[in-house]
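> Dumping the structure here so I can ask a few things about it.
Every number here is computed from the coordinates shown, using simple stated rules; none is lab data. As the structure is a computational prediction, the values presented were derived from the model and not from experiment. All Cβ positions, even for glycine, are placed from backbone atoms using ideal geometry, and neighbour counts span all protein chains on display.
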Amino acid sequence: MPNDFEHSITHCHATMIKEDFQEPRWISDMDFMAPPAVISALQEKISKGIFGYKTMPLTFFTSIQDWILEQHHWKINQEWLVHSRGTISALSMLIRCFSEPGDKIIIQQPIYHLFGQIIALNNRVVVNNELLLDEGHYAIDFIDLEQKLAIGAKILVFSSPHSPVGRVWNKKELERVGELCLKYNTLLVSDEVYADLVYPGYSHTPLAALSDAVSNNTITCMSPSKTFNLAGLQTAYLIISNPQHRECYAKEQQRLDLTTPNYFGIIALEAAYTKSKEWLEDLLIYLEKNINYVTEFLQQHFPEIKVIRPEATYVMWLDCRELGMDSSELINFFYQKAKLGVGHGYKFGLGGEGFVRLNIGCPQEILRTALDRLIRARKLL
Ligand SMILES: Cc1ncc(COP(=O)(O)O)c(C=O)c1O
């Protein structure tokens, strides 16, 4: 394997092992350095020393179009693409474009906590279509979803692949979501930031690639941030095939003066998408080894913690309900006793209580230390 993830630790902030956790940590980036091609592209631009205003180069669009065609077999037109600083800021803008204060917006908990927070901060009402968990497998509760759509929700914010539960929704599930939203005239905002981080045996289908009708009713959010560990460069993009939707978003961009991208983010995106496919392939192999390591370790040494095996993403959703702890006891166990920075399930909303989110985007040595600490803490129980 040419890319060495074993030693490429960049910093300790994403690392879950620390002595002094004061509060829950919500880091969802990786400990790895960005791909070498990204680093050298940035270094080259930095050495030129010109950092004035830039317009969007054509290559920004073509590199995304080629990447999505190759990775996800989806042919998108250049004019469908609009940049954004991040998925969550885009979500906030879309909520303002396509709903009014007091309108209902559906999410599917347990879900990344900022979905609900951004909806509430915009004075819209969060409606939860809680996922079903059956024998370690998550599914969409379609009966509940239809009831919630029928009461008149304006938007469904969909996570695909789903974070934190790690599901890669299959075509049948996606078709049902797409059809139901069309039936009830509910806009789909599909957050697909984890689309590239899918493990062998699974395949991501972009929701909007299903049909022209679904595409017309869907706004897709994608980004190289998760895939290539570039979140700090604040460069994401939306795919909007419906011209009216695009116009609305463009107006919101203008209103906020967010029409220009981050210069370095554009350079990084291009180098990632055009020169770093092999790095991603190696990363997925490494991450899968980490998943296997954690799974086997817990099965052997801490079987009360059940692994929900991720089909995608670099987070593992661990079912700790058998420990019989309430939220504050679980926090105390992980932070104070084991000194591990995990994401606490209750923060992800209903269905999250009793779970933790473990970030495995790190060298295996860190996971080894983390799991040893967990076993030591278990002895104190
Ligand atoms: C599902 C999901 N969407 C979006 C984000 C954040 O994306 P961005 O940094 O582009 O706002 C995260 C971060 O963890 C996430 O888990």
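> Please compute the net charge surrounding Glu252, taking Lys and Arg as +1 and Asp and Glu as -1 over other residues with Cβ under 13 Å from its Cβ.
Summing Lys/Arg as +1 and Asp/Glu as -1 gives +3.
> Give the shape of segment 38-103 as rounded, prolate or oblate, defined through the alpha-carbon gyration tensor: a ≥ b ≥ c are the square roots of its eigenvalues, a/c under 1.5 means rounded, and otherwise the shape is prolate if a/b is larger than b/c and oblate if not.
oblate
> Let me have the 222 nm mean residue ellipticity of the chain computed from DSSP H runs of 4+ only, each contributing -39500 (n - 2.57), with the sum over all residues rounded to the nearest 500.
Theoretical 222 nm ellipticity from helices: -12500 deg cm²/dmol.
> How high is the relative contact order of segment 117-225, given as a whole-number percent (alpha carbon pairs under 8 Å, six or more residues apart)?
22 percent
> A further question on this structure: Starting from 0.36 nm per residue, how many nanometres of slack lie between Arg376 and Glu44 once their C-alpha separation is accounted for?
114.8 nm
> Over segment 277-378, what relative contact order in percent results from Cα pairs under 8 Å that are six or more residues apart?
Dividing the mean separation by the residue count of segment 277-378 yields 26 percent.
> Separate question: If the viscosity is 0.890 mPa s and the temperature 25 °C, what translational diffusion coefficient in µm²/s does Stokes-Einstein give for segment 288-373 when Rh comes from Kirkwood over Cα pairs?
Rounded, D is 189 µm²/s.
> Let me ask something else about it. In a solvent-free Debye calculation with one equal scatterer on each Cα, what is log10 I(q)/I(0) for the chain at q = 0.08, 0.09, 0.13 Å⁻¹, listed in the order of the q values?
Taken in order of the listed q values, log10 I(q)/I(0) reads -0.41, -0.52, -1.11.
> Kindly identify segment 54-202 as rounded, prolate or oblate by the Cα gyration tensor criterion: order the square roots of the eigenvalues as a ≥ b ≥ c, call it rounded if a/c is under 1.5, otherwise compare a/b with b/c, prolate if a/b is larger, else oblate.
oblate
> What number comes out for the charge environment of Gly345, summing +1 per Lys or Arg and -1 per Asp or Glu over other residues with Cβ under 11 Å away?
Charge balance in the 11 Å sphere: +1.
> Compare the Cα positions of Phe334, Thr235, Cys221 along the charge dipole of the chain (+1 at Cβ of Lys, Arg; -1 at Cβ of Asp, Glu; about the Cα centre) and return the one farthest towards the positive end.
Thr235
> Same structure, new question: Fewest to most neighbouring Cβ within 10 Å: what's the order for Ser47, Ser99?
Ser47, Ser99
> Give, in nm to one decimal, the length gained when the segment between Lys251 and Asp66 is fully stretched (0.36 nm per residue of separation minus the Cα-Cα distance).
Using 0.36 nm per residue and subtracting the Cα-Cα distance, I get 63.9 nm.
> Another one. Report, please, the projected area of segment 116-163 averaged over directions, based on the convex hull of its C-alpha atoms, in nm².
Quarter of the Cα hull surface area: 3.9 nm².
> Let me ask something else. Measuring from label point to label point, each 7 Å out along Cα→Cβ, what is the Tyr184 to Gln364 span in nm?
Each label point is offset 7 Å from its Cα along the Cβ direction, giving 4.6 nm.
> While we're on this one: Run down the lysines and flag those whose C-alpha is under 24 Å from the C-alpha of Lys339, throwing out any fewer than 8 positions away in its chain.
Lys18, Lys289, Lys306, Lys347, Lys379
> Here's another thing I want to ask about it. Which lysines have a Cα less than 22 Å from the Cα of Lys251, not counting those fewer than 8 places away in the same chain?
Candidates past the 8-residue exclusion: Lys54, Lys154.
> Where does each of 180-189, 351-360 land if you order them by average Cβ count within 10 Å, highest first?
Highest mean packing first, the order is 351-360, 180-189.
> Sticking with this structure for a sec: Report the net charge of residues surrounding Pro363, where surrounding means a beta-carbon distance below 10 angstrom and charges are Lys +1, Arg +1, Asp -1, Glu -1.
That sum, taken over residues with Cβ under 10 Å, equals -3.
> Then there's this: Show me 338-349, 76-87 ranked by packing, highest mean number of other Cβ atoms within 10 Å first.
Result, highest mean first: 338-349, 76-87.
> With N denoting the number of residues in segment 187-244, provide Rg(C-alpha) divided by 2.2 N^0.38 Å, to two decimal places.
1.21
> Kindly rank 48-59, 293-304 from highest to lowest mean number of other beta carbons found within 10 Å of each residue.
293-304, 48-59
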